[in-house]
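Readers should treat all values here as calculations from the given coordinates under stated rules, not as data from a laboratory. Keep in mind that this is a model prediction, so the values were computed, not measured. No Cβ is skipped: glycine too gets one built from the backbone with ideal geometry, and neighbour counts run over all protein chains shown.
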Amino acid sequence: MIYSGRDVLSEGARRRWGRMALLLGIIATYSFGGLWMMSILSKNDLRPELEWSRFLRPAQYSQVMLKQSSEGELAPALPSERDPSPPSSSYIMSEESDAEWDEDEPVRPPGAASLPQPPSLTHVDDRERPEAFLRCGDWQEGYMELHRQILEGERPPRYLVAVLSQSGLADQLVGVMSLFFWAYLTGRAFQITVGEQPIPPLEAAFDAPFINWTRPAGDPPVLTEHLYRPYNGDRHYPPSHPSVQNMSEYGSMYLINNKNRFFSTLDLNTLPKSGADKAVLFMASNRGRVFRLFDNPYHRRQLYDVGLRPETAFACGFRFLFAPNEVTRDETGWQLAEEHLIPLHYPDDEETEKEAMLEARNTLRIGIQIRVGDFVFNQPGKAERLSLDDYMSYFQCAREIEHHKRTPETTKVVWYLVSDSLRLKELALEKFGQNLVVTSTEPSRHVLCAKDGLTDCNESGEMAESLAAAAADMMGLAETDYIILTRQSGFGKVAAWLNMRWHNVWWLSPGEPQMHACGARSYVQLEDMADKWSGL
């Protein structure tokens, strides 16, 4: 229902109605454990919409323009509440204005006009935008154009290149996402490279649906090798090097295993201190600080202005950068998710489409992520002696969530189990049966060769396969309605944040008593999750 006060209400009355509607939405959120998103279509139109958030199907991921969602699909999402033009990359807030600001007047720093600015675009109807952009604001088209212009030489070279860390997939992704938003906020084209490290590139698991983030081969090793985790030398560039024509054009930052608190306090346009104006910045990070960027007095306004929000920005950036490639979609974890968790599409049969969507809505999907430990990869004897009793609290938690989240309309319950332990998954299937538990029984492998006690797995392609399998499990877990995580793991946390829901995550530690950890109001606060383990 759309309420238009264009002919009835005064400007002041419309503003009061807007505030009242927002307050009612907040009350509804806390009362019903759901998410009401208030979409302000214009200064005169007000439309409250109930969002049913779900991760995207891979087929929809790579389409640049999609038709209007059919009935029963996700509601159109979050139109911006501001001038539709993409922001200048130099919008800032002073610390004095952090508490409040005039929503119509962006604060600009001295000299802002000299910084790169994304081109202005006419705002398009959300129904004509890729589904990956919905509920994510309207910054994407502007950044796509800026990125293209830099790559094609229409703007001066200005890059931020993420050097992938030798870490698990979760740590790699949280680091990459933090650096991507750094690039966006400072008007740089974003690229990713592994340099000459013996690890698979993210291209082994993901396509790039909207911008080409692949760093072309050919960078001299001196530009990246000091950012590798095993490197033991000086982590700064030399004044000159025979393989680099102009070393002064390059800057770098090594942020591995660093808390990086400056993400919430400093103007990223001024970093690194001796190289903020460099044409190319190489950076390495395995820590997530996207959530804390919304505390940054210099960039908070810039993020809010384009419709980004702290609880969804990570997922929005991920959906912009990554789509599961064909290899990932062929992995067992994703195939099971498509079969049991994701509503099937029947574009040529509207009635069957409605039935499939109704069945999906009436299925209660509970994700369970249990991290046993790295010993499952290189200590087969110990891994085989694993007991299900030590992890029964996770399944008891699932039963409790099922009890307080099931409704009269629920016709089916599915537990989607992800674990690094093949033995644990086999025991769970024996205990609870295939009608309830959905899990891959493919042998588990870590994405880092050393974790498996092997030395040649990169050359044989096994690491690339492991990366795709991990991506499939992570994105499959993100399709569930409620998620039970292992507290000491970043893998499940990334999946939970890709899920784009509120009040739907519980976490446990192996061996600890479940007690009342999975009650209806015992969910983990997003802010608590954002600061634990590797961050988000």
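The string of couplings for the range 228-236 from the Karplus curve (6.51, -1.76, 1.60, θ = phi - 60°) is 7, 4, x, 5, 10, x, 5, 8, 10 Hz, one whole number per residue in order, with x for Gly and Pro.
For GLU527 and VAL222, a Förster radius of 41 Å and the Cβ-Cβ distance give a FRET efficiency of 0.50, rounded to the nearest 0.05. Ordering SER285, CYS316, GLN335 by the projection of their Cα atoms onto the charge dipole of the range 250-348, which places +1 on the Cβ of Lys and Arg and -1 on the Cβ of Asp and Glu, puts SER285 at the extreme positive end. Phi-derived couplings, Karplus 6.51 cos²θ - 1.76 cosθ + 1.60 at θ = phi - 60°, listed residue by residue for the range 498-506: 6, 5, 6, 10, 10, 6, 9, 10, 10 Hz, with x used for Gly and Pro.
Rounded is the label for the range 173-289, because the ratio a/c of its alpha-carbon gyration tensor axes (a ≥ b ≥ c) stays below 1.5.
Only the Cβ atoms of Lys and Arg (+1) and of Asp and Glu (-1) were treated as charged; on that basis the dipole of the range 196-308 about its Cα centre amounts to roughly 580 debye. Between ARG399 and PHE432, the contour length at 0.36 nm per residue exceeds the alpha carbon distance by 10.7 nm. Using r as the Cβ-Cβ distance of HIS241 and ARG148, and R0 as 45 Å, what FRET efficiency do you calculate, to the nearest 0.05? Rounded to the nearest 0.05, the efficiency is 0.90.
Couplings 3J(HN,Hα) of the range 284-292, computed from phi: 10, 8, 10, 10, x, 9, 4, 4, 6 Hz, in residue order, whole Hz [Karplus 6.51 cos²θ - 1.76 cosθ + 1.60, θ = phi - 60°; x for Gly and Pro]. Charge dipole of the range 136-221 (Cα centre as origin; +1 on each Lys and Arg Cβ, -1 on each Asp and Glu Cβ, all else neutral): 220 debye, rounded to the nearest 20. Here's how it looks for THR214: its modeled amide H is under 5 Å from those of ILE192, which are all 5 or more places away or on a different chain. Evaluate the relative contact order of the range 258-316 (contact order divided by residue number), counting alpha-carbon pairs under 8 angstrom at least 6 apart; express in whole percent. Relative contact order, the range 258-316: 39 percent. Residues whose amide H comes within less than 5 Å of that of TYR416, counting only those at least five positions distant or on another chain, are ILE366, GLY367, ILE368, VAL438 (H built at 1.01 Å from N in the peptide plane). A cut-off of 5 Å between modelled amide H atoms, ignoring neighbours fewer than 5 places along the same chain, links MET253 with PHE282, MET283, ALA284.
What length, rounded to one decimal in nm, is gained on full extension from LYS412 through to ASP390, with 0.36 nm per residue of separation minus their alpha-carbon distance?
Details: separation 22, 0.36 × 22 = 7.92 nm, distance 2.73 nm.
Extra length available between LYS412 and ASP390 comes to 5.2 nm.
The stretch between PHE262 and TYR231 holds 8.8 nm of extra length on full extension. This uses 0.36 nm per residue minus the Cα-Cα distance. Note on the range 272-304 and the range 126-197: Cα centroid distance 12 Å, given to the nearest whole angstrom.
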